[in-house]
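The values are calculated or read from the model by the stated rules, or taken from the named source; none is laboratory data. These figures come from a predicted structure and were not determined experimentally. Don't worry about glycine lacking a Cβ; one is built from the backbone with ideal geometry, like all the others, and counts go over all protein chains shown.
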Amino acid sequence: MTVTAEEKAFELIVKYQPVASDLRIINSYMKIAYDLERYGRYAWDISYTHKRLANCKQCAEPSELMEKITEKTLQMVETSIGALSDIDADSAKGLARSEREVDEMYSAYLDLLSKAPPKTECLVCNLLVVRYLERIADHATHIGESIVYIATGEKLSLR
């Protein structure tokens, strides 16, 4: 789908010779297509990692912190998609706070794993999953930056 979005963007540029504001929008949607692709890739990575490594019965149930990271990341994905649909710069800017929260929870989770390491397979699986969730949160923030740029023309870093 990313390739299709890029091809359509180039087609728009070639056929219609857009003005600067249109180019800003086209370029932003190309970036957003990449970030959406990353959502899918990290979701696949989580599924694959879990399938390969988390089949051991000795793994503890997911910690409360892992559940919070998961919930916050899913919330960010929903917010980024909603903000994109509505071109809502304010919602997009709100992703910055959520991204900082996910980063803090990620650091706390790493600390938690270092204090009471579980079985090796469980440790690797949990570590990879929490890292993929953190990366999804980063991409949600990237989408937010693009939405702000589309809506206002302002280039800013929400991270």
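Filtered by the rule that a residue be surrounded by 13 or more Cβ atoms within 10 Å (Cβ to Cβ), more than 12 Å from Ala140 (Cβ to Cβ) and among the basic types (Lys, Arg), the range 63-115 gives Lys68, Lys93, Arg100.
Put simply, of Met66, Met76 the only residue that is within 25 Å of Tyr109 (Cβ to Cβ), of a type in the set (A, V, I, L, M, F, W, C) and modelled with pLDDT of 95 or more is Met76. Among the residues of the range 50-57, is any surrounded by 15 or more Cβ atoms within 10 Å (Cβ to Cβ), modelled with pLDDT under 90 and not in a helix (DSSP H, G or I)? Taking every residue of the range 50-57 in turn, at least one turns out to be surrounded by 15 or more Cβ atoms within 10 Å (Cβ to Cβ), modelled with pLDDT under 90 and not in a helix (DSSP H, G or I). When the residues of the range 116-131 are filtered to those that are crowded, with 20+ Cβ neighbours inside 10 Å and closer than 17 Å to Lys72 by Cα, the one that is modelled with the lowest pLDDT is Asn126.
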